Amino acid sequence: MFQNLRRRVLAVAVAAGLAAGALTAGEAAQGAPMPLSVETAASAFDLSPSKEVLVTCPGDAEVLGGGADVIGGARRVHIVRSQPSPSQTGWLVGAQAIPGGKAGAWQLHAYVVCAYHVNIDLGFIGDTRVVSMRSPTDSESAKSVTATCAAGDLVVSAGGRVVTGNGEVVLDDVVLDTATQSVRSRAVEREGGTAADWSVWAFAVCAAPGSLFGYELVEQDSDNTAGDRTVDVECPGTKRRIGLGASMTGAGGHAGYTSLFPADDSVTVESTVDPTGAPGPFTTRAQAVCAFPYSSGE
C-alpha cells in the first residue's frame, strides 16, 4: 500500500522525444515516444463522506483517458465516478463512503491521460470525441448500459458513473469491448440494497484509427479468490498506455473499485472487499489500451 501511495501521489510525466518539424502519427511512433502525460489532482484528506476531483489537460492537449484512486477509507469508500469532464478537457472522478460505520480520513486522486500536438502532427486535433449513455433511473438492484463509438471509430478508454446511489451502489464493470468498439458500465447494489432510485452512466472515449498507430487492447485477470484483488497489465514492447477499463466477475456488490490507475505504460486496478466480506471468490480484470510503438534505439 505504501509503495502504491508513493507511486500515485506524483504526476507521471512521460512527455519526451518531440521531433522537430511535422511528422505523421506513424512516423512519430516509429522514431520517438509519443508525447503523452498523466496529470493528477487530489482532494483534501479528511472525513467527508463524498468527494469529487477534476483534473484537466494543459493547453490544447486532448483527453485520451483517466482514472481514480482512493487512499484510506477503511474498506468503506469506493469509486462511483470516473469519466471525461463535461467540457472534455479533463477527467472527473468521485468516490463515496458506505453509510454508517467509520471510514476515517481518506483522500481521492484523479488522473487524466493527455495527448499533445505541439510541434508534431499527431492527428488528434478535433479527433477525439466522447459518447455517453445513461440507464433508466429506478430501484432495480443491478443495471448496465453501453456507449458505442460512431462507425469507423476506435474505443480508447472507458468511463462510468453511479448517480444517486448514496454509497449503496458500486460500479462493477467499466469495461471496453473492441469487437463492438463500445464501453459497458454496470453497477449493482450492495448487500441489503437500497430503496432509492438510481442510474448508471457509460462513457466511451473514441478516436479515428488514423490517430492510433499500433492500437491494441491487452487484458489481465486476477486470481479467483474472496479477498481484495490487485491486477496489473502492461503494454507490450514500447507501446504507450493511452486508456483503460476494468471489470469484476462474481463480486456481487461486495467489492468496489479503489484504484483505476493509469501508470506509465501499464494499468493497475484494485477492488476492495467491503467490511462484511465477500461470500465467495471473484476475479478482477484490468484492461489497457496501447498504441504508438517507437524505436528505443537499442
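The values are calculated or read from the model by the stated rules, or taken from the named source; none is laboratory data. Predicted model only: the values in this text are computed from it and were never measured. Reconstructed Cβ throughout: ideal geometry from the backbone, glycine too, with neighbour counts over all protein chains shown.
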**Request:** Would you please name the residue that is surrounded by the fewest Cβ atoms within 10 Å (Cβ to Cβ), looking only at residues in the range 33-57 that are closer than 30 Å to Gly214 by Cα and over 19 Å from the mean Cα position of the chain (by Cα)?
**Result:** Pro33
**Message:** Given the criteria in contact with a Pro (Cβ under 6 Å, 6 or more places away or on another chain) and more than 30 Å from Thr137 (Cα to Cα), does Gly167 qualify?
**Reply:** no
**Residue in the range 226-245 that is farther than 16 Å from Thr284 by Cβ, over 14 Å from the mean Cα position of the chain (by Cα) and basic (Lys, Arg) present** = yes
**Asked** Which residues, taken from the range 247-298, are more than 13 Å from Val231 (Cα to Cα), assigned to a strand (DSSP E or B), modelled with pLDDT of 95 or more and aliphatic (A, V, I, L, M)?
**Response** Ala255, Val273, Val289
**Cβ-Cβ under 8 Å pairs, at least 6 apart or on other chains, the range 31-47 side under 16 Å from Ala103 (Cα atoms) and modelled with pLDDT of 95 or more, far side among the small types (Gly, Ala, Ser) and outside any strand (DSSP E or B)** = Phe45/Ala105; Asp46/Ala105; Leu47/Ala103; Leu47/Gly104; Leu47/Ala105
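Confirm whether Ala158 is among the small types (Gly, Ala, Ser), in a strand (DSSP E or B), under 16 Å from Ala255 (Cα atoms) and at pLDDT 95 or above. Before you say what the answer is, go through the steps one by one.
On the way: among the small types (Gly, Ala, Ser): yes; in a strand (DSSP E or B): yes; under 16 Å from Ala255 (Cα atoms): no; at pLDDT 95 or above: yes.
When the stated conditions are applied, Ala158 does not pass them.
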**Prompt:** Pairs, please: C-beta under 8 Å, at least 6 apart or cross-chain, first residue more than 16 Å from Gln83 (Cβ to Cβ) and in the range 120-146, second at pLDDT below 95 and among the aromatic types (Phe, Trp, Tyr)?
**Reply:** Leu122/Tyr116
**Request:** Mind listing whichever residues of the range 273-293 are surrounded by fewer than 21 Cβ atoms within 10 Å (Cβ to Cβ) and either touching a residue at least 60 places away in the same chain (Cβ under 8 Å) or under 19 Å from Leu176 (Cα atoms) (or both)?
**Result:** Val273, Asp274, Pro275, Thr276, Thr283, Arg285, Pro293
**Asked** Which of (1) crowded, with 19+ Cβ neighbours inside 10 Å; (2) modelled with pLDDT of 95 or more does Ala74 not meet, given it meets every other one?
**Response** (1)
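This table checks each residue for (1) crowded, with 20+ Cβ neighbours inside 10 Å; (2) among the hydrophobic types (A, V, I, L, M, F, W, C).
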{"residue": "Gly210", "(1), (2)": "no, no"}
{"residue": "Val218", "(1), (2)": "no, yes"}
{"residue": "Asn224", "(1), (2)": "no, no"}
{"residue": "Gly227", "(1), (2)": "no, no"}
{"residue": "Cys235", "(1), (2)": "yes, yes"}
{"residue": "Lys239", "(1), (2)": "yes, no"}
{"residue": "Gly245", "(1), (2)": "yes, no"}
**Request:** Test Ala105 against the stated conditions and say whether it is of a type in the set (Gly, Ala, Ser) and either within 17 Å of Ala158 (Cα to Cα) or in contact with a strand residue (DSSP E or B) (Cβ under 7 Å, 6 or more places away or on another chain) (or both).
**Result:** yes
**Message:** Test of understanding: among Ser82, Ser141, which residue is under 26 Å from Cys57 (Cα atoms) and among the hydroxyl-bearing types (Ser, Thr, Tyr)?
**Reply:** Ser82
**Prompt:** Is at least one residue of the range 258-275 under 12 Å from the mean Cα position of the chain (by Cα), among the small types (Gly, Ala, Ser) and under 29 Å from Glu189 (Cβ atoms)?
**Reply:** yes
**Fill in**
How many residues of the range 181-218 are among the basic types (Lys, Arg) and part of a loop (DSSP other than H, G, I, E, B)? The answer is 1
**Prompt:** Quick one: what pairs do we get from the range 231-246, first residue in a loop (DSSP other than H, G, I, E, B), second among the charged types (D, E, K, R), C-beta under 8 Å, 6+ apart or different chains?
**Reply:** Cys235/Glu216; Cys235/Arg241; Cys235/Asp265; Pro236/Glu216; Lys239/Glu216; Lys239/Asp265
**Message:** So, in the range 191-208, how many residues would count as being of a type outside the set (D, E, K, R) and farther than 24 Å from Pro86 by Cα?
**Reply:** 5
